[in-house]
Amino acid sequence: NVARHAKATRVSIRLEQTPALLRLEVKDNGVGISTHCLSATDTKSLGVIGMRERAVACGGELDICPNSGGGTTVLLRVPLNGSASR
C-alpha cells in the first residue's frame, strides 16, 4: 500500500512483543490517507476494511490515521495469551 498509494519516500516499521501484546506500527511520509478512505461506508477501501476485519478476528484492533506533517500511521495491536488488547 505504501508503494502503490502513498507515494512515500520513507517508511518505518516497528514490531514489538511483550508477554501480553504484539504491536506493529508502520509510518510513512507519503500523501496521507483521506478521512473518506477511513470511513466504514467507503466501499472502495476494501483493503482497509479487510485489515480491520483480520485484526478483529485475531482479537486485536487496527488504527489508521493521517500524520500531522503528512503521511499515515497504521497501528496494529494483537493480544497474546488471551490478554486484553490495551
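The values are calculated or read from the model by the stated rules, or taken from the named source; none is laboratory data. Everything numeric in this text was worked out from a predicted model, so none of it was measured. Surface accessibility is based on the protein's heavy atoms, side chains included, excluding ligands, DNA and RNA. Shrake-Rupley method; radii C 1.70, N 1.55, O 1.52, S 1.80 Å.
Below is a table of values for the structure above.
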quantity	calculated
Within the range 14-34, considering residues that are in a loop (DSSP other than H, G, I, E, B) and modelled with pLDDT of 90 or more, the one most open to solvent (accessible area, probe 1.4 Å)	P19
Qualifying positions in the range 35-63 - at pLDDT 90 or above, open to solvent by less than 40 Å² (accessible area, probe 1.4 Å) and among the aliphatic types (A, V, I, L, M)	A55, L62
